Amino acid sequence: MAIEPTLKLDFHKSQIEVLQSPHRFNVLVAGRRFGKTDLAIKKTIIEGLREEQDGRSLLDIGVWIVGPTF
């Protein structure tokens, strides 16, 4: 019997609002404890696991996280 791995991704209310945005790009300005990096990592996992969108295969595309660093 194969065991399927599961992911538990918890989001707070404001993060869910960002996830439900229909826009292709999201620019987020938030405070230190909002969870911007955590949200970006989780969203990248979700998009990376997606197999198709609008009838197009997404299996051979990459997913990027782009953000400013000091």
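The values are calculated or read from the model by the stated rules, or taken from the named source; none is laboratory data. Just so it is clear, the structure is predicted and the values come from calculations on it, not from any experiment. Heads up: the accessible areas ignore ligands, DNA and RNA and are worked out on the full protein's heavy atoms, side chains in. Shrake-Rupley method; radii C 1.70, N 1.55, O 1.52, S 1.80 Å.
Evaluated against (1) open to solvent by 80 Å² or more (accessible area, probe 1.4 Å); (2) at pLDDT below 90; (3) not in a loop (DSSP other than H, G, I, E, B), Asp60 falls short on exactly one condition, (3). Scanning region 10-31 for residues that are open to solvent by 60 Å² or more (accessible area, probe 1.4 Å), part of a helix (DSSP H, G or I) and not acidic (Asp, Glu) yields Lys13, Ile16.
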